[in-house]
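The values are calculated or read from the model by the stated rules, or taken from the named source; none is laboratory data. Predicted model only: the values in this text are computed from it and were never measured. Quick reminder, even Gly has a Cβ in these numbers, built from the backbone with ideal geometry, and neighbours come from all protein chains shown. Note: areas computed on protein heavy atoms with side chains; ligands, DNA, RNA excluded. Shrake-Rupley method; radii C 1.70, N 1.55, O 1.52, S 1.80 Å.
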Amino acid sequence: MTTTDMPRPVEAGGRAVSKKRPRRGATGGLRQAVSATTLLWLLACLYGLPVLWFILSSLKPAGDLFSYPLTLVPHDPTLSGFKAAWNSANFSQYFINTAIVCVITTILTVGVSCCTGYALAKYDNKWLKVFFLCILATTMLPSEVMLAPEFLVVRDLGLYNSFAGIILPAVLTATGCFMFRQFFLTVPDELVEAARIDGARELSIFLRIMVPLSRPIMLTLAILSFQWRWNDYIWPLLMLNDPNKFTVQIGIQSIVGAQNINWSVLLGASVISMIPLIAVFLVFQRYVMGADINAGLKD
């Protein structure tokens, strides 16, 4: 039996040219990318619709909030709810108080968490491991369980009805320590050893190498910490009894009546309280990017 091969096209130099087959990998990758993007858009719409409804409802008059049928877009938009909310309480003082608490707490939280995470990741000591387990154990308890002992400690220290009583218990967080520890574990030990061989001290290694590398984690924790402290309600409610020291969340609660609730004013005040959080996220989110942890190392 004889077989006949199809002749291949020959170039001028005499080399045979092979036919190119279409690549299926590119098409499959495009399909996966499109499906993933579609899923993300669906999730964004699913989570964004209640927020959009909430914001548009704050622009409705009080009589249109519970009209039937319910409408998403207000027929007669008004800012009366925002004006009434701002004038019904001392919101400017509430914003100043909350900003002081959030900024100081965020700075201290990031600094303490960074130092703790570095020690837990780069120093080999069994007691440090026990300490890390104790920190993680606090995440297994509801925050309400720890309110009573924390309140007694703060009261006995003479920090009741003060900003320090709100700030100090919130400085050390298990989440922040865990984030920094996991990040510093990814930093090669060779980078630290190279700095030690060059004569750098431990404090210099931490401040000049580790802190700049951990900037993405620092900014991420800063955003989260600012959000936690801004939205905190129960702890400031227990610690403060002076209206001049109230935070935003307590101020919003103070405009809610015991028998009658003006939903237009409440929605307007809630939207106003969201503005600083959105501004902080938009300013700092573009700086949250990956860092080259292998910088300074040679192959």
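Okay, here's what the table says:
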| quantity | calculated |
| --- | --- |
| For S58, net neighbour charge (Lys/Arg +1, Asp/Glu -1) across residues whose Cβ lies under 13 Å away | +1 |
| Using a Förster distance of 51 Å, the FRET efficiency for S204-E144 (Cβ separation, nearest 0.05) | 0.75 |
| Highest-first arrangement of 123-135, 182-194, where packing means the average Cβ count within 10 Å | 182-194, 123-135 |
| Å² of accessible area per residue within the range 236-283, as computed with a 1.4 Å probe and no ligands counted | 50 |
| Accessible solvent surface per residue of the range 48-121, calculated while the other protein chains remain in place, 1.4 angstrom probe, Å² | 53 |
| 1.4 Å probe accessible area per residue over the range 159-220, in Å² | 51 |
| Formal net charge of residues neighbouring T116 (Cβ-Cβ distance under 14 Å; K, R +1; D, E -1) | +3 |
| Percent accessible area from carbon and sulfur atoms, the range 177-287, protein chains only, probe 1.4 Å | 61 |
| Charged-residue dipole, Cβ positions (Lys, Arg, Asp, Glu), the range 118-257 about Cα centre, Debye nearest 20 | 120 |
| Environment charge at M239 (Cβ cut-off 14 Å; Lys +1, Arg +1, Asp -1, Glu -1) | -1 |
| Surface share of carbon and sulfur [accessible, 1.4 angstrom probe, percent] for the range 84-129 | 67 |
| Nitroxide proxy distance, nm - points 7 Å out along Cα→Cβ at D156 and L128 | 3.1 |
